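Structure first, commentary second.
The values are calculated or read from the model by the stated rules, or taken from the named source; none is laboratory data. Because the structure is a prediction, the values reported are computed rather than measured. Every residue, glycine as well, gets a Cβ built from its backbone with ideal geometry; the counts of neighbours run over all protein chains shown. These accessible areas exclude ligands, DNA and RNA; they are computed on the full protein's heavy atoms, side chains included. Shrake-Rupley method; radii C 1.70, N 1.55, O 1.52, S 1.80 Å.
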Amino acid sequence: MARDRSALITATAFVVALSLRPALTAVGPVLPRIGDALQLGEAAQGLLGTLPLLAFAVASPLVHLASRRFGMERAVFVSLLVLAISSALRPYTGHAGLWIGTVLVGGAIAVGNVLVPVILKRDYAGNVSRATGIYTAFITGGAAIASILAVPIADAVDWRLSLAVWGGLALLVAVIWLPRTLSPEPMPAASTDDETPSVSVWRQPMAWLVTAFMGLQSTSFYLFVNWLPTIEISTGGVSERATGVHLFVFQVFGLIGGLSIPFLLKHPTNQRAGLMTASTPILVALLGLLLAPQLAIVWAVVGGLGQGAGLVAALSLISLRGRGHHETTQLSGMAQAVGYTLAAAGPVVAGYLTQVTGGWSTTLVVFAVLAATQVTLGFVAGRDDR
């Protein structure tokens, strides 16, 4: 009985993942309404989608300090409370509240982004890639639900409630997580996990390859999440309600891709097959939106498969390349800080290029080149030759 309870508490790490994306993915389908209500142009709308990523970038390197001082479980709990409060209040507190609340949402999510994969590596040391696949399936599931419900909630009430409601989910997850904060935090099994890395991750070439892969994967993901509905409306004549469904489909197939890719990441030192397989569909989807926009639902499926697989590949790479508990935490913080800084430019650059050129063709070409670079990085970073 005690063992079953322990396993149940351990599995709550997956539940946290449910709350790490809805506050972000609920924005895209109602972004035109937010822009109309608050007089935001396309560039400003892109900035709204980018602010959480900038918060990721600033907060991620600092998370390991909070983890060391307060423990990972307690740090995650506090972040969930901040996420709940900021998500609920930001749509109802005017322009300033929207921007400040969005920054707080991003900072709170950054804590979970960095620490939950490290917790999974500690708790599921024998099968990191599979645990990461399940974790990202929960992330994708939460993101998908928020995507498909955003427009119906906005139609039934308004766009403000369609954003605020996800604060309730974060609060519920915080209650579920609470028991983990009331018992002593388990230590990593290996003694080397307590050791400080002899060489800073910031000076390790492999760490920079992992970071670049994470950044490019995140860049394309946030392009899709923030702009896919607008791209489909502009280039494919898709209705607003249908774009919400397509974004849901994108997330659902992300779940499928995330659960499938661990089978190609099992090798202890060579994950090239998995990284390149995960990256290629993203390139195909972007080229598809450029060359055959009328098949938008097909590219939502293909892109979703690539994004789900790409996130699992990136997070698995962090866990597999980190040589111990503290180094993995620092590598996670570095990869997400620098990676999300790169990703943060994505929605803004996309909005700016579209505004300047009057269409989405240039934007899609630029991001297709970035996706091709990700495929190449998958080959280079996929083998651990240290």
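Side notes on the structure shown:
- Considering Ala59, Ala75, Ala88, Ala43, the condition of being touching a residue at least 40 places away in the same chain (Cβ under 8 Å) and surrounded by 24 or more Cβ atoms within 10 Å (Cβ to Cβ) is satisfied by Ala59 alone.
- Counting only residues that are touching a residue at least 60 places away in the same chain (Cβ under 8 Å), outside any loop (DSSP other than H, G, I, E, B) and out of contact with any helix residue (DSSP H, G or I) (no Cβ under 7 Å at 6 or more places or on another chain), the stretch 261-284 holds 1 of them.
- Test result for Gly274, buried (at least 24 other Cβ atoms within 10 Å of the Cβ), over 24 Å from Val366 (Cβ atoms) and out of contact with any Asp or Glu (no Cβ under 9 Å at 6 or more places or on another chain): yes
- Residue count for the stretch 298-314, restricted to those that are open to solvent by 10 Å² or more (accessible area, probe 1.4 Å) and either in contact (Cβ under 8 Å) with a residue 12 or more places away in the chain or of a type outside the set (Val, Ile, Thr) (or both): 5
- Any hit, the stretch 180-199, residues being surrounded by fewer than 24 Cβ atoms within 10 Å (Cβ to Cβ) and modelled with pLDDT of 85 or more: yes
- Selected residue (only one of Thr50, Thr25 is farther than 17 Å from Val349 by Cβ, of a type in the set (S, T, N, Q) and in contact (Cβ under 8 Å) with a residue 60 or more places away in the chain): Thr25
- Residues in the stretch 285-297 that are open to solvent by 10 Å² or more (accessible area, probe 1.4 Å) and either touching a helix residue (DSSP H, G or I) at 6+ places or on another chain (Cβ under 8 Å) or not in a helix (DSSP H, G or I) (or both): Leu287, Leu290, Ala292, Pro293, Gln294, Leu295, Ile297.
- In summary, helices (runs of 4 or more DSSP H) completely within the stretch 1-103 and bearing 2 or more residues that are over 20 Å from Gly142 (Cβ atoms) and of a type outside the set (S, T, N, Q) occur at 2-17, 27-38, 42-70, 72-89.
- Positions within the stretch 299-355 being over 26 Å from Asp384 (Cβ atoms) and of a type in the set (Ser, Thr, Tyr), in sequence order: Tyr352, Thr354
- Among residues of the stretch 160-171 that are farther than 13 Å from Ala108 by Cα, those with a Cβ under 7 angstrom from a residue that is of a type in the set (D, E, K, R), sequence gap 6+ or separate chain, pair up as Leu163/Arg90.
- Tally, over the stretch 18-71, of residues that are closer than 30 Å to Thr357 by Cα and among the charged types (D, E, K, R): 3
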